[in-house]
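Take a look at the structure below.
The values are calculated or read from the model by the stated rules, or taken from the named source; none is laboratory data. As the structure is a computational prediction, the values presented were derived from the model and not from experiment. Backbone-built Cβ (ideal geometry, glycine too); neighbour counts: all protein chains shown. Keep in mind that these areas ignore ligands, DNA and RNA; they rest on the heavy atoms of the full protein, side chains included. Shrake-Rupley method; radii C 1.70, N 1.55, O 1.52, S 1.80 Å.
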Amino acid sequence: MRRKIVAANWKMNGSNDLADALVGEVREGLAKLDNGVEVVIIPPALYIARVQQLVGERAWLGVQDIAPWGEGAYTGEISAGMAADSGCRFAIVGHSERRELFGETDAVIADKVSQGLAAKLNLILCVGETLHQREAGLAVDVVSAQLKEALKGVSGSDWKHIVVAYEPVWAIGTGKTATAEDAQAVHGAMRSVLAEMGAPAQDLSLLYGGSVKPNNAAELFAQPDIDGGLIGGASLKASDFLAICEAF
Ligand code: PGA
């Protein structure tokens with residue numbers, strides 16, 4: 001059974017005050033939601049404990065990144081084990097902002113995946129092409145290569161901890177969304193690649209991310225291979241985020 005998932009990626013936004021206001025309202029809205037969607041809130045790491053207290057049992061918590069190492073002299077890093085120990089069930093790995101701004105390669109992301117799996121976290125692996133790559137007709141090739149590299153160490157029952165988010169780089173924070181048909185085409189191709197890799201592809205949740213808003217979420221989520229969303233900007237406004245959670 002595929003899980004329907006909506007994850008809120010706050011990125012480097014927020015404060016104690018924002019957490020209090022936003023999560024309070026989200027919690028009230030989620031209490032009325034009965035469409036089977038699993039909600040994950042992924043604030044900056046410093047706010048995880050506070051958000052956890054505020055949201056109660058209705059949402060999972062996640063971290064925006066984990067280290068590719070287990071523990072040790074890596075100033076500033078947070079390990080997968082620490083995230084799990086602090087109540088997180090999910091971690092994003094390979095977000096395009098990490099790839100672009102911090103030079104994360106597929107090899108580093110593969111190490112993060114293996115650390116995350118060792119800590120029993122559910123991983124939201126982000127993949128996606130740039131505008132240049134899309135215009136050159138390379139979207140599926142790029143995404144396939146990212147999947148194969150980042151997930152090459154995954155096997156057996158570990159697959160059930162893998163969630164993939166297709167996030168075309170040109171759609172993130174830009175207000176441009178892939179059309180539902182374009183997104184579905186990539187999602188369908190990703191499911192085939194995952195099946196070739198030995199994953200139980202029909203059971204994996206594949207999310208779409210990139211300018212998901214209340215007015216486009218329903219059409220995206222209605223696609224046969226789109227099982228939810230990774231939400232940036234719209235996750236910072238409770239009414240928008242809740243409307244997206246309701247859009248199944
Ligand atoms: P956006 O971000 O919804 O603001 O486009 C999505 C993401 O980067 O995860």
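Data table
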quantity: Tabulated pairs, the range 146-162, first more than 17 Å from R2 (Cα to Cα), second part of a loop (DSSP other than H, G, I, E, B), C-beta under 7 angstrom, 6+ apart or interchain; calculated: K148/M197; A150/G94; L151/M197; S155/G198
quantity: Looking only at the range 187-234, and only at residues there that are open to solvent by 10 Å² or more (accessible area, probe 1.4 Å), of a type in the set (G, A, S) and within 15 Å of the ligand (Cβ to nearest atom), the one that is farthest from A150 (Cα to Cα); calculated: G233
quantity: Tally of residues being buried (at least 17 other Cβ atoms within 10 Å of the Cβ) and away from the ligand (no atom under 15 Å from the Cβ) across the range 171-181; calculated: 1
quantity: Residue check, D106 more than 14 Å from the ligand (Cβ to nearest atom) and open to solvent by less than 60 Å² (accessible area, probe 1.4 Å); calculated: yes
quantity: Unique match (being open to solvent by 30 Å² or more (accessible area, probe 1.4 Å), more than 26 Å from G103 (Cα to Cα), in contact (Cβ under 8 Å) with a residue 24 or more places away in the chain and within 21 Å of the chain's Cα centre (by Cα)) among M1, M12; calculated: M1
quantity: Checklist (1) open to solvent by 60 Å² or more (accessible area, probe 1.4 Å); (2) under 16 Å from I226 (Cβ atoms) applied to H132, failing item; calculated: (2)
quantity: Tabulated pairs, the range 226-240, first on the phi > 0 side of the Ramachandran plot, second outside any loop (DSSP other than H, G, I, E, B) and of a type in the set (V, I, T), C-beta under 7 angstrom, 6+ apart or interchain; calculated: G228/I5; G228/V6
